[in-house]
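Where a number appears in this text, it was derived from the coordinates with a stated rule and is not lab data. In this text, all values refer to a predicted model and were calculated from it rather than measured experimentally. Backbone-built Cβ (ideal geometry, glycine too); neighbour counts: all protein chains shown.
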Amino acid sequence: MRHLMSPLDLSVEELDTLLDLAQDIEAHPDKYAHACEGKKLATLFYEPSTRTRLSHEAAMLNLGGSVLGFSSADSSSASKGESVSDTIRTVSCYADICAMRHPKEGAPMVACQHSKIPVINAGDGGHQHPTQTLTDLLTIRSLKGRLNNLTIGLCGDLKFGRTVHSLINALVRYEGIRFILISPEELRLPEYIRHDVLDRNNIPYEEVVRLEDAMPQLDILYMTRVQKERFFNEEDYVRMKDFYILDKAKMKLAPEDMYVLHPLPRVNEISVEVDDDPRAAYFRQVQYGVYVRMALILTLLDIHVD
Ligand code: CP
């Protein structure tokens, strides 16, 4: 039985196969419409979500399966003090696969150690968000035609942004990747990722504060929200929250074939005036998130469609 805790749980070859499957699902959705008939997905969300929970559920429904679950800790027996390990033992009796989001780093890992069904990490604290990374990789590969030889700008909250941490871990395995890390000093990428992931893999990167300086060099601009829920005090959040606002004027500095991605939700960091720019790819990214989660469910349940 396999789980997905980190993008590194999949080898590059397995990842390529999964992305190929997602692209086949996009091209031939009818072929997969009954692939999971009789199977159930449980969504165990201890933290708010729109995309990750609903896209897992849409993915299972598109595959002909059914869904059950809870969307907040308050509406589950976690509010009475039930542990993650007891919850997953229970849910293993009800479902065939589950996706778990939890504010504590490592909670889905605890779950998979006590689970009889595959567990998907749907985001754990400031740590990892592997299915967002699969979404991002599928989006980049679909739009740029490759996952190698890219200059990627990561902008915003690089300290707490788990989507950024997961994406870096996944991309360093490809040739010719270069990062421009765009953040205020207080929200720099954590040192353990700079040293253990970037330096250890000899990945070229530079750190800049001004978004304008990075724009002309980029193949992909990955914007992120300042993570209000991870700040220890409101004052720091208020000071940081509008540090970057991508607008039409800044988009003029970017190459014609650069794409803007964002895991969403956005707050103010991308002005709505950018939405009509053909390079704004964040809502296409949402759609790719359904295809890739369909591919992931099939892969973890070891279901093959001819
Ligand atoms: N991208 C993402 O994780 O969005 P949600 O928090 O809405 O699931």
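Helix 51-62 and the longest principal axis of the C-alpha atoms of the chain enclose an angle of approximately 50°. Charges were assigned to the Cβ only: +1 to each Lys and Arg, -1 to each Asp and Glu. The resulting dipole of the stretch 185-302 about its Cα centre is roughly 320 debye.
The H on the amide N of LYS39, modeled in the peptide plane, is under 5 Å from the matching H of SER66, each at least 5 residues off or on a different chain.
Rounded to the nearest 20 debye, the dipole magnitude of the stretch 102-180 is 160 debye, with +1 charges on Lys and Arg beta carbons, -1 on Asp and Glu beta carbons, and the Cα centre as origin.
When only alpha carbons are used to place a centre, the stretch 222-266 and the stretch 41-79 end up 27 Å from one another.
Would you mind counting up the charge near GLY69? Only other residues with Cβ under 10 Å from its Cβ, with Lys and Arg at +1 and Asp and Glu at -1. It works out to a net charge of +1.
Each of VAL305, LEU218, LEU15 was scored by the projection of its Cα onto the charge dipole of the chain, and the greatest displacement toward the positive side belongs to VAL305; charges sit on the C-beta of Lys, Arg, Asp and Glu. Between 0 and 90 degrees, the angle of helix 162-171 with respect to the longest Cα principal axis of the chain falls at about 80 degrees.
Listed by chain and number, the lysines placed with their C-alpha closer than 18 angstrom to that of LYS40 are LYS116; residues fewer than eight positions away on the same chain are left out. Our compactness index for the chain, the C-alpha radius of gyration over the empirical 2.2 N^0.38 Å, is 0.98.
Computed about the Cα centre, the dipole magnitude for the chain is approximately 440 debye when only Lys and Arg (+1) and Asp and Glu (-1) carry charge, each at its Cβ. Applying a threshold of 28 Å to the alpha-carbon distances of LYS104/LYS250; LYS144/LYS228; LYS31/LYS144; LYS80/LYS228; LYS159/LYS248 flags LYS104/LYS250; LYS144/LYS228 as lying beyond it.
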